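Q: Dumping the structure here so I can ask a few things about it.
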Amino acid sequence: MKTETEKQKIQQAFKERMDEDELLNCMRCGFCLPSCPTYIVSGQKESQSPRGRIALMKAVYDGKIEPDEEFEQSLNLCLGCRACEPVCPSGVKYGYLLEEARDILHQHKNYSFPVQALRRTVFKHLFTKKSNLINVTSLVGFYQKSGLQNAARKIGFLNLFPRHLQDMEKILPNMPKKKAMSKHQEYFPSYGKKKATAAFFSGCLMDTMFLETNQATIQLLQKAGCDIYIPDKQVCCGALHGHSGEKELAKELAKQNIEVFEQLDVDYIVTNAGGCGAFLMEYGHMFDDDPEWRERSQEFAAKIKDFSAVLVELEFHKDHDLELPEQIVTYQDSCHLRNVMKSANAPRELIRSIQGVAFKEMENAESCCGSAGIYNLVQPETSMKILDQKMDHMKKTQATTIVTANPGCLMQMQLGIQREGLKNVKAVHIADLLLKAIQS
Amino acid sequence: MDQNVRNLLINIVGEENFQDSEIERLVYSYDATPNFQSMPDAVISPRNTQEVSKILTLCHEYKIPVVPRGSGTNLSAGACPLEGGVVLLFKHMNKILEIDEENLTVTCQPGVITLDLIRAVEQKGLFYPPDPSSLKISTIGGNLNENSGGLRGLKYGVTRDYVLGLEVVLPNGEILRTGGKLAKDVAGYDLTRLFVGSEGTLGVITEATLKLLPLPEAKKTMLALYQDLEAAARSVSKIIASKIIPATLEFLDQPTLKVVEEYAQIGLPTDVKAVLLIEQDGTAENVDQDIELMAKICKSEQAVSVKIAQSEEEANALRTARRAALSALARLAPTTILEDATVPRSEIAKMVKAINEIAEKYQVTICTFGHAGDGNLHPTCTTDIRNREEMERVEKAFAEIFAKAIELGGTITGEHGVGAMKAPYLEWKLGEAGIKVMKSIKNAIDPNNIMNPGKLFAKDTKKRVVIAK
């Protein structure tokens, strides 16, 4: 329970830090409601809608209500998918409001000691130092390859965990070798005629757990005519921190990345994870009150582009024959790629250009799958409800391949397939699909 | 809320359908009307008519205000629980019960989303014309209570014109059924029409039977561009005078166009002073004929160009953009206050001119868009609620717009309802006798004044503005 003093402090911080103009910009028309996955899945609860959440933030700002546990829960249940933003005629920057509010709540929170320790480990160590992440990934790799995984499954050790964690354990991809993750080439020349110069933002999970996808992305960019630089000193984008109320840490990471990438003279800074790309693209807003960094971050952000959009721009799909065995394919949007990076067409255009592929749009493809960073770990109930609805839509397409553009979505789709027991369906990252299509 | 009443209410709907925590009450303290907010004491989601009846019986006995609420898109503070009490939600009562293809009717519960109903009947080749701009969010229950209009109003009328029968729970808990699947029915007073547009002040609508039409075979959409506001308004009157009734005839001025384009990014012209969005439906032959004739009329009235949408996607993008106009205007200033003064179609050019003069006189920014074809304009003032001095001028400007509309033979509200926002002006339109009749109807049906109190009838009527000629 929050004490009265704690609540007063939070209210004070809302008054000082929340952007009143942005809160007022919401005119409560409700156009956002049908786009909000938590509003839908909660059976139309206004307290779980963007309009409701903004009204709650405004009410705390105005001192009308107390920022109690229920208020916090309403904000915690938000996926942060930002599907409400493109449909908002008034252009309310909901994501910024949410981020600020969460940061305030976090700063005034007395986490229990174990949670504090866990947060410190995850945010300060694991996701800021690549070497630590590589070690953890290797550990999981050891668990998978040493026979420990089989043993754990056999003796029923995993049954001690909640079902969603058990399912997640099963869908973890095979971890790459430690050596492969640690060693990096910093420059890759284009194949054939050079069309552009790109820097590649390799990401944390993408560069460890999903190393193969990163390698595929690089190859595709080379084939599209890109010279690619991969600066070794880049760090985590900070999205995980920013979305979890660790804004100061996120800023530190942002500064490091900006410094590293602005030394390169490139046309694009390319990402292959919608979650990272969107956060990088919005570095500018973190430095609203810091003119020097604001300008530098805006220059940086202007170059951010998802690799799928780069491929389309460089006409990769027109210059190369892409082919796969006959199959039905559907695509699950990455929320941040679609709603923040505003790229919904490029991935679809690329998939459609593959011969043998019958592309079938699934209903509500644009709606969040419930992965949402670490949402599926911390809000399993809502997340699984959303996933179940998603899988219903997916099954109606009769697709055997679900394509995604972000590691979180990819794992969530695999989780969905696992939960439904769908033997003939697989989920893939679009880079892996395209590489296969160009090789066959 | 009294503990005893609280328990009785929970007994009716179950723990899970009764909410009264601070945050659950806060999120039902508003609708889409600026400057109106008031906390209810509880929020209840009944599952069927019987439960609604029990709730009303109880509230009647204990004199607890009841505010039925759809999706809270109301623009006259109709869904704002001004005197507390319980807010009723219809999330469980959201089924389409029957689409009767022999009688051309649809029967549904109040919580159905308008667009879902429209899509469901269109799948069967049928047509439900009322299409308020919030149709993607609004509920049929809300539409019925507000008698909502929409873009297709001028040719097809408003919600009222499609209601054949209702099931209503009266404030004392009694259940009333009016009308039926009947094309003709003159058995007594037209109670169906009484409840449509009653703004939740007479009872709770729990079921409705609505009239359907065959879905028109063809539809075409065009955009006429003007460098002169009044020329656009003149075209409207001339089209109607030429005995063409288009399905849609919408007007948007330049500031509205700019913000809508900023949002929708569909290539709307932003370098012209006004556009008309015109649609016609019917047989393919008639549609072509009418569109061609209307294009000619627009050009003869100095339209700088006329563009016909080349595909349904393009047409739909135009309609969707138009529907976002009000919310898009919120980009311009912290507060947007809109009205829906309505005049006879022939007076539309005079009204547009008067709005601009009034804005000038009071030094306020008023953007205008709306359903020009049926005389229903939406002058929208972009302002800042924190600027008290300006808000006073805004209020004076709107009072003068209302007075002007009435002078031209119009009304203070065409489709948004009186609610709390326009209550002080209702007498201007109805006169003393009108208010008296309405109050006696209200007292007869709801003697304890539990149904949506504080709406329609104001404590004080505004002093009538006299327009200096």
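The values are calculated or read from the model by the stated rules, or taken from the named source; none is laboratory data. In this text the structure is predicted, and so the values were computed from the model without any measurement. FYI the Cβ positions are ideal-geometry reconstructions off the backbone, even for glycines, and counts take in every protein chain you see.
Q: All but one of (1) within 14 Å of chain A (Cβ to nearest Cβ); (2) crowded, with 19+ Cβ neighbours inside 10 Å; (3) not in a strand (DSSP E or B) hold for B:ALA232; state the number of the condition that does not hold.
A: (1)
Q: Quick check: anything in region B:119-134 surrounded by fewer than 22 Cβ atoms within 10 Å (Cβ to Cβ) and within 14 Å of chain A (Cβ to nearest Cβ)?
A: yes
Q: Output the residues belonging to region B:403-438 that are touching a strand residue (DSSP E or B) at 6+ places or on another chain (Cβ under 7 Å), basic (Lys, Arg) and surrounded by 18 or more Cβ atoms within 10 Å (Cβ to Cβ). Even if it seems obvious, please write down each step before you answer.
A: The first filter runs over region B:403-438 and keeps only residues touching a strand residue (DSSP E or B) at 6+ places or on another chain (Cβ under 7 Å), leaving B:405, B:410-411, B:413-416, B:422, B:429.
Narrowing the set further to residues that are basic (Lys, Arg) leaves B:422, B:429.
Within region B:403-438, just B:LYS422 meets the criteria.
Q: Can you name the residue in region B:265-299 that is touching a residue at least 24 places away in the same chain (Cβ under 8 Å) and small (Gly, Ala, Ser) and is also nearest to B:CYS367 (Cα to Cα) among such residues?
A: Once the filter is applied, the top-ranked residue is B:ALA274.
Q: Residues that are in contact with a strand residue (DSSP E or B) (Cβ under 6 Å, 6 or more places away or on another chain) and modelled with pLDDT of 95 or more: list the helices (runs of 4 or more DSSP H) wholly contained in region B:252-365 that include at least 3 such residues.
A: On the way: elements: B:254-264, B:284-300, B:312-323, B:325-329, B:348-362.
Here the list reads B:284-300.
Q: Of the numbered conditions (1) closer than 21 Å to A:ALA239 by Cβ; (2) modelled with pLDDT under 75; (3) surrounded by 14 or more Cβ atoms within 10 Å (Cβ to Cβ), A:ARG153 satisfies every one except a single condition; which is it?
A: Every listed condition holds for A:ARG153 apart from (1).
Q: Given the conditions (1) away from chain A (no Cβ under 14 Å); (2) touching a Lys or Arg at 6+ places or on another chain (Cβ under 8 Å), and given that B:LYS353 satisfies all but one, which numbered condition is not satisfied?
A: B:LYS353 satisfies every listed condition except (2).
Q: Further, regarding this structure: May I ask you to say which residue of B:VAL204, B:VAL186 is crowded, with 22+ Cβ neighbours inside 10 Å and either over 21 Å from the mean Cα position of the chain (by Cα) or not assigned by TED's automatic domain parsing to the domain that holds B:LEU58 (or both)?
A: Details: B:VAL186 fails: crowded, with 22+ Cβ neighbours inside 10 Å.
Going through B:VAL204, B:VAL186 in turn, the sole match is B:VAL204.
Q: Going by the conditions given, is B:ILE348 more than 12 Å from every other protein chain (Cβ to nearest Cβ), aliphatic (A, V, I, L, M) and surrounded by 24 or more Cβ atoms within 10 Å (Cβ to Cβ)?
A: Details: more than 12 Å from every other protein chain (Cβ to nearest Cβ): yes; aliphatic (A, V, I, L, M): yes; surrounded by 24 or more Cβ atoms within 10 Å (Cβ to Cβ): yes.
Yes.
Q: Among what's in region A:9-64 and is part of a helix (DSSP H, G or I), facing another protein chain (nearest Cβ under 7 Å) and at pLDDT 95 or above, pick the residue that is surrounded by the fewest Cβ atoms within 10 Å (Cβ to Cβ). Before the answer, list the steps.
A: First pass over region A:9-64, keeping only residues part of a helix (DSSP H, G or I): A:9-17, A:20-25, A:33-35, A:37-41, A:46-48, A:50-62.
Remaining after also requiring facing another protein chain (nearest Cβ under 7 Å): A:21, A:24-25, A:33-34, A:46-47, A:52, A:55-56, A:59.
From what's left, at pLDDT 95 or above: A:33-34, A:46-47, A:52, A:55-56, A:59.
On the way: A:LEU33: 24, A:PRO34: 20, A:GLU46: 27, A:SER47: 25, A:GLY52: 27, A:ALA55: 25, A:LEU56: 24, A:ALA59: 24.
Only one residue fits best here, namely A:PRO34.
Q: Check whether at least one residue in region A:390-401 is surrounded by fewer than 24 Cβ atoms within 10 Å (Cβ to Cβ), of a type in the set (A, V, I, L, M, F, W, C), assigned by TED's automatic domain parsing to the domain that holds A:LYS360 and touching a residue at least 60 places away in the same chain (Cβ under 8 Å), and report yes or no.
A: If we filter region A:390-401 for residues that are surrounded by fewer than 24 Cβ atoms within 10 Å (Cβ to Cβ), which is where we start, we get A:391-393, A:395-401.
Checking the rest, the ones that are also of a type in the set (A, V, I, L, M, F, W, C) come to A:391, A:399.
Add one more test, that the residue is assigned by TED's automatic domain parsing to the domain that holds A:LYS360, and what stays is A:391, A:399.
Now narrow it down to the ones that are touching a residue at least 60 places away in the same chain (Cβ under 8 Å): A:399.
Looking for residues that are surrounded by fewer than 24 Cβ atoms within 10 Å (Cβ to Cβ), of a type in the set (A, V, I, L, M, F, W, C), assigned by TED's automatic domain parsing to the domain that holds A:LYS360 and touching a residue at least 60 places away in the same chain (Cβ under 8 Å), one finds at least one in region A:390-401, hence yes.
Q: Tell me which residues, restricted to region B:390-405, are of a type in the set (Asp, Glu) and touching a residue at least 40 places away in the same chain (Cβ under 8 Å).
A: Narrowing region B:390-405 to residues of a type in the set (Asp, Glu): B:390, B:392, B:395, B:400.
B:GLU400 - this is the single residue of region B:390-405 that is of a type in the set (Asp, Glu) and touching a residue at least 40 places away in the same chain (Cβ under 8 Å).
Q: With the checklist (1) within 20 Å of the chain's Cα centre (by Cα); (2) loosely packed, with under 13 Cβ neighbours inside 10 Å; (3) among the aliphatic types (A, V, I, L, M) in hand, flag the one item B:MET451 doesn't pass.
A: (2)
Q: Let me ask something else about it. Would you point out the residue of region B:1-31, among those that are part of a helix (DSSP H, G or I) and of a type in the set (Val, Ile, Thr), that is nearest to the other protein chains (Cβ to nearest Cβ)? Give the steps one after another, and end with the answer.
A: Initial filter on region B:1-31 (part of a helix (DSSP H, G or I)): B:3-13, B:15-17, B:22-26.
Right, trim to of a type in the set (Val, Ile, Thr) and you get B:5, B:10, B:12-13, B:23.
Numbers: B:VAL5: 22, B:ILE10: 18, B:ILE12: 19, B:VAL13: 14, B:ILE23: 5 Å.
Selected residue: B:ILE23.
Q: Considering only region B:56-125, give the strands (runs of 3 or more DSSP E) lying wholly within it that have at least 2 residues that are without any contact (Cβ under 8 Å) to a residue 12 or more places away in the chain and not assigned by TED's automatic domain parsing to the domain that holds B:PHE195. Quick ask: steps written out before the conclusion?
A: Values: elements: B:66-69, B:86-89, B:96-100, B:105-108.
Fully inside region B:56-125 and qualifying: nothing.
Q: Inside region A:88-151, counting only helices (runs of 4 or more DSSP H) that do not spill past its ends, which hold 2 or more residues that are among the aromatic types (Phe, Trp, Tyr)?
A: Working: elements: A:94-107, A:113-119, A:130-145.
In region A:88-151, A:94-107, A:130-145 are the helices (runs of 4 or more DSSP H) which contain 2 or more residues that are among the aromatic types (Phe, Trp, Tyr).
Q: With respect to B:ASN387, determine if the residue is without any contact (Cβ under 8 Å) to a residue 24 or more places away in the chain and within 24 Å of B:THR365 (Cβ to Cβ).
A: Numbers: without any contact (Cβ under 8 Å) to a residue 24 or more places away in the chain: yes; within 24 Å of B:THR365 (Cβ to Cβ): yes.
Spelling it out, B:ASN387 is indeed without any contact (Cβ under 8 Å) to a residue 24 or more places away in the chain and within 24 Å of B:THR365 (Cβ to Cβ).
Q: When the residues of region A:65-76 are narrowed to those that are surrounded by fewer than 16 Cβ atoms within 10 Å (Cβ to Cβ) and over 16 Å from A:THR5 (Cα atoms), which ends up farthest from the other protein chains (Cβ to nearest Cβ)?
A: Step one: filter region A:65-76 for residues surrounded by fewer than 16 Cβ atoms within 10 Å (Cβ to Cβ), giving A:69-70, A:73, A:76.
Now restrict to residues that are over 16 Å from A:THR5 (Cα atoms): A:70, A:73, A:76.
On the way: A:GLU70: 5, A:GLN73: 9, A:ASN76: 13 Å.
Here the answer is A:ASN76.
Q: I've got another one for you. State which residue is nearest to the other protein chains (Cβ to nearest Cβ) when the search covers only region B:258-317 and only residues that are hydroxyl-bearing (Ser, Thr, Tyr) and farther than 18 Å from B:LYS155 by Cα. Spell out how you get there, then give the answer.
A: First pass over region B:258-317, keeping only residues hydroxyl-bearing (Ser, Thr, Tyr): B:263, B:270, B:283, B:300, B:305, B:311.
Next cut, farther than 18 Å from B:LYS155 by Cα only: B:263, B:270, B:300, B:305, B:311.
Values: B:TYR263: 5, B:THR270: 16, B:SER300: 34, B:SER305: 26, B:SER311: 17 Å.
Only one residue fits best here, namely B:TYR263.
A quick yes/no check of all residues on (1) closer than 30 Å to B:ALA79 by Cβ; (2) away from every other protein chain (no Cβ under 14 Å); (3) surrounded by 24 or more Cβ atoms within 10 Å (Cβ to Cβ):
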site: B:LEU191; (1), (2), (3): yes, yes, no
site: B:LYS220; (1), (2), (3): no, yes, no
site: B:SER242; (1), (2), (3): no, yes, no
site: B:LEU249; (1), (2), (3): yes, yes, yes
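Q: Taking A:ILE258 as the residue in question, decide whether it is over 18 Å from the mean Cα position of the chain (by Cα) and more than 24 Å from A:ALA196 (Cβ to Cβ).
A: Numbers: over 18 Å from the mean Cα position of the chain (by Cα): yes; more than 24 Å from A:ALA196 (Cβ to Cβ): no.
For A:ILE258, the condition - over 18 Å from the mean Cα position of the chain (by Cα) and more than 24 Å from A:ALA196 (Cβ to Cβ) - is not met.
Q: Still on this model: Of B:PRO68, B:PRO34, B:PRO40, B:PRO81, which residue is under 24 Å from A:SER49 (Cβ atoms) and away from every other protein chain (no Cβ under 14 Å)? Before you say what the answer is, go through the steps one by one.
A: On the way: B:PRO34 fails: away from every other protein chain (no Cβ under 14 Å); B:PRO40 fails: away from every other protein chain (no Cβ under 14 Å); B:PRO81 fails: away from every other protein chain (no Cβ under 14 Å).
Testing whether each residue is under 24 Å from A:SER49 (Cβ atoms) and away from every other protein chain (no Cβ under 14 Å) leaves just B:PRO68.
Q: Take the residues of region B:43-55 that are in a loop (DSSP other than H, G, I, E, B) and crowded, with 22+ Cβ neighbours inside 10 Å: which is farthest from the other protein chains (Cβ to nearest Cβ)?
A: B:PRO46
Q: Something else now. Going through region B:201-210 one residue at a time, which ones are under 13 Å from B:ILE140 (Cα atoms) and of a type outside the set (Asp, Glu)?
A: Taking region B:201-210 and keeping what is under 13 Å from B:ILE140 (Cα atoms), we get B:204-210.
Result: B:VAL204, B:ILE205, B:THR206, B:ALA208, B:THR209, B:LEU210.
Q: Could you tell me how many of the residues in region A:88-107 are in contact with a helix residue (DSSP H, G or I) (Cβ under 6 Å, 6 or more places away or on another chain), within 22 Å of A:SER334 (Cβ to Cβ) and facing chain B (nearest Cβ under 9 Å)?
A: Summing the residues that are in contact with a helix residue (DSSP H, G or I) (Cβ under 6 Å, 6 or more places away or on another chain), within 22 Å of A:SER334 (Cβ to Cβ) and facing chain B (nearest Cβ under 9 Å) in region A:88-107 gives 1.
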